[in-house]
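> Mind having a look at this structure? Questions to follow.
Every read-out reported here was derived from the displayed coordinates using simple, explicitly stated rules and does not represent laboratory data. Computed from a predicted structure; not experimentally measured. Virtual Cβ from ideal backbone geometry, glycine too; neighbours counted across all protein chains shown.
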Amino acid sequence: MSLEDLYREVILDHYRNPRNKGHLDHPDSVAEGVNPLCGDEITIELRFDGEVVAAIAVAGQGCSISQSSASMMSEAIKGKTRAEIETMTRQFRDMMSLDGEADIGIDPERPGAVLGDLEALQGVRKYPVRIKCASLGWNVLLDALGGDGAHS
Amino acid sequence: MTDLSHLKADFPVLSNGVHFLDSAASSQKPIPVLEAMDHFARTSYANVHRGAYKLSVAATDAYEAARRRVARFIGATDEREVIFTRGATTSLNTVAFGWGQQNLNPGDRIISTEIEHHANLVPWQMVAKRTGAVLDHVPMTDDFRLDLDAYEAKLGPDVKVVAVTGMSNVLGTMPPVRRIADLAHSHGARVVVDAAQLVPHSTIDVNDLGADFLAFSSHKMLGPTGIGVLWGRMDALEETEPFEGGGEMISDVTLFDATWADIPHRFEAGTPPIVEAVGLHAAIDYLDSIGMDQVLRHDRELTEIALDRLGDVPGIHIQGPRELEDRGGVISMSMDGVHAHDLATILDEGGVAVRAGHHCAKPLMRRIGVAATARASFYVYNTEEDIDALVNGLRRAGDLFGVGS
């Protein structure tokens, strides 16, 4: 495991050029979260069309892992239903799980087939103190969706 | 150059080659400290101040010897002015709640500063809310010093206490405590100094310093966690009520009332950190065997080298004074385009341990205009090689993130 595996180009790209950055005009739901230990901040705004997340905006500041994770997540969940997002959230958590037992079927031959760009974050698992950085945006998303278990 | 490189072998944690640059958070312990605690725990341990048996007498003697040693180390003329606490934070809370809550009235003013650690800020916020006193802050200048003109302008008869750091844990700035104290005293205010960073790194004489209360921790000066010191001038301690009640701190207790033991014991409720006091004693012996003037000189020399070499790293900004005068061995930095946590992870891959974050000084971070910094801090066991590793790691971070390209 090397630093180049942690800081993959796609992560640095999302860090430098965060997608869906900013605020929505009339969000249906807003949630914010901070990591009080390190000061990372993320705010997520959602607009729904029935069960589908029609629009998402992400604001905040923090390290490359927290901000790129939120950026990639925003791309991944836009246009998805609540049920689909729940599945992705579970897959992301499994990918971040320390024990590495949960295999979500990431295939080096078919990169991105399961979680898209987010698969680039799998290297974070080898840096346990940074898992909370990668997870912050997802926890805020769960708050914004009004789901339970927002704080894993 | 002050060569202390022979000391590194005294610190077992450092034997794996880690470049430990986080002593401002907590320092490592040398073998004499570990052995003193181990020996005491194996041969002389018992509770203090209550047993009639020989073991308890021996433990009490060791505990009180540590108090005398601390008094001598900081130039206190009366060992009763040395109170053992759980750490600098508890020491500062003892002053805020024990002295502040007793002596502050609605409309009185508390002056703190923009550069304080949360430990010398939040307790005063709490006491201000409880007493109706008003909290005010000395601003920082753009060159990371306290604005003493603004401070003087804030002073007046309603100012009852001035709470200031002896050395910033973020900037390394060492404010002129004596001058601040003299000005405060001319208005009748008490002076509380957070010396958690100051005492481990310089020669302290509490009578020269001019403070009324001084707080510091053992674990930042080569000693164990779990013990710290509150030194108070005797007349200031006499104005202070115990902040915690319990065993050891009483003279007599009925079902409805109690009277206090003498100073310092009235401020040491419950079983104190006894083994830790022995460890702190050994840490002070170790530091004095080096000489605190040497310690400060060594820290400053490393700081000078580091500031010089960091200036050549693309994208690096030093958040603290560039000149060495009135400055300790703490260097906070930020890098364009690379967050402090990423810096810390990349440095860690090169075996360099630094702290990244807000350093328990969020108001100061807002004033500086950054959410987090990476902080390197030096102590007796650090060498130029540690700075080489730091600089190499920062260059690597810059390369990975494409800084300057």
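> Set the Förster radius R0 to 30 Å, insert the Cβ-Cβ distance between residue B:54 and residue B:289 as r into 1/(1 + (r/R0)^6), and round the FRET efficiency to 0.05.
0.50
> Using a/c under 1.5 as the rounded threshold, could you call chain A rounded, prolate or oblate? The axes a ≥ b ≥ c are square roots of the C-alpha gyration tensor eigenvalues, and prolate needs a/b larger than b/c, oblate otherwise.
prolate
> Could you tell me the calculated FRET efficiency between residue B:253 and residue B:187, based on Cβ-Cβ distance and R0 = 30 angstrom, to the nearest 0.05?
Approximately 0.15, to the nearest 0.05.
> What does the structure give for A:4-17 when I average, per residue, the other chain Cβ atoms found within 10 Å of the residue Cβ?
Averaged over the peptide's residues, the number is 2.
> If I model a spin label as a point 7 Å beyond the Cα along the Cα-Cβ vector, how far apart are those points for residue B:203 and residue B:309 in nm?
Distance between label points: 2.9 nm.
> Could you tell me the number of lysine pairs in the protein assembly as shown with C-alpha atoms less than 24 Å from each other, where the two lysines are 8 or more residues apart or belong to different chains?
Taking the protein assembly as shown as the scope, the lysine pair count is 13.
> Same structure again: Among A:65, B:254, B:290, whose Cα projects farthest towards the positive end of the dipole of the protein assembly as shown, with charges put on the beta-carbon of Lys, Arg (+1) and Asp, Glu (-1)?
Most positive-ward Cα: B:254.
> Rounded, prolate or oblate: which fits the stretch B:292-400, taking a ≥ b ≥ c as square roots of the Cα gyration tensor eigenvalues, rounded meaning a/c under 1.5, else prolate when a/b beats b/c?
Numbers: a/c = 1.69, a/b = 1.20, b/c = 1.40.
It comes out oblate by the Cα gyration axes.
> For residue B:39 and residue B:64, calculate 0.36 nm times their separation in residues minus their Cα-Cα distance, and state this gained length in nm to one decimal.
7.3 nm
> Compute the relative contact order of the stretch B:1-140 as a whole-number percentage, counting only Cα pairs closer than 8 Å that sit 6 or more residues apart in sequence.
Working: 119 pairs, mean separation 19.0, N = 140.
Value for the stretch B:1-140: 14 percent.
> Averaged over A:65-74, how many beta carbons belonging to a partner chain fall within 10 Å of each residue's beta carbon? Provide the component values of the computation, followed by the final result.
Details: counts 4, 2, 1, 0, 0, 0, 0, 0, 0, 0.
Rounded to a whole number, the mean comes out at 1.
> By counting other Cβ atoms within 10 Å of each Cβ, how are A:38, A:63 ranked from fewest to most?
Numbers: A:38 24, A:63 28.
Ascending number of Cβ neighbours within 10 Å: A:38, A:63.
> While we're looking at this one, here's another question. Please arrange A:106, A:77, B:31, A:44 by counting, for each residue, the other beta carbons lying within 10 Å of its beta carbon, fewest first.
The fewest-first ordering by Cβ neighbours comes to B:31, A:106, A:77, A:44.
> While we're on this one: Show that you can apply the helix-only estimate: for chain B, add -39,500 (n - 2.57) for every DSSP H stretch of four or more residues, divide by all residues, and state [θ] at 222 nm to the nearest 500. Before the final figure, lay out the partial values.
On the way: 13 runs with 145 residues, N = 405.
Dividing the helical sum by the residues of chain B leaves -11000 deg cm²/dmol.
> Right, another one. If I take R0 = 45 Å and measure r between the Cβ atoms of residue B:125 and residue A:113 in this structure, what FRET efficiency does the formula 1/(1 + (r/R0)^6) give, to the nearest 0.05?
So, using R0 = 45 Å, E works out to roughly 0.30.
> Looking at the stretch A:68-119, which trypsin sites (Lys or Arg not before Pro) are in a loop (DSSP not H, G, I, E or B) and have at most 16 other Cβ atoms within 10 Å?
When the trypsin sites (Lys or Arg not before Pro) of the stretch A:68-119 are filtered for loop state and at most 16 Cβ neighbours within 10 Å, A:78, A:80 remain.
> Suppose the chain between residue A:97 and residue A:5 were pulled fully straight at 0.36 nm per residue; how much longer would it get relative to their current alpha carbon spacing?
Full-extension gain reported as 31.4 nm.
> Would you mind checking the tilt of helix A:82-96 against the longest principal axis of the Cα atoms of chain A, expressed as 0 to 90 degrees and rounded to 10?
Tilt of helix A:82-96: around 30 degrees.
> If you rank B:29, B:154 by fewest surrounding Cβ atoms within 10 Å, what's the result?
On the way: B:29 23, B:154 18.
Result, fewest neighbours first: B:154, B:29.
> Also, I was wondering about something else. Could you work out the mean count of beta carbons from other protein chains within 10 Å of each residue's beta carbon in A:124-132?
The per-residue average across the peptide is 1.
> From the Cα gyration tensor of chain B, with a ≥ b ≥ c the square roots of its eigenvalues, which class applies: rounded if a/c is under 1.5, or else prolate if a/b is larger than b/c, or else oblate?
oblate
> Suppose we flag GluC sites (Glu not before Pro) only when DSSP calls them loop and at most 15 other Cβ atoms lie within 10 Å. Which is the longest uninterrupted stretch of chain A?
Here the longest segment lacking exposed loop sites spans A:1-50.
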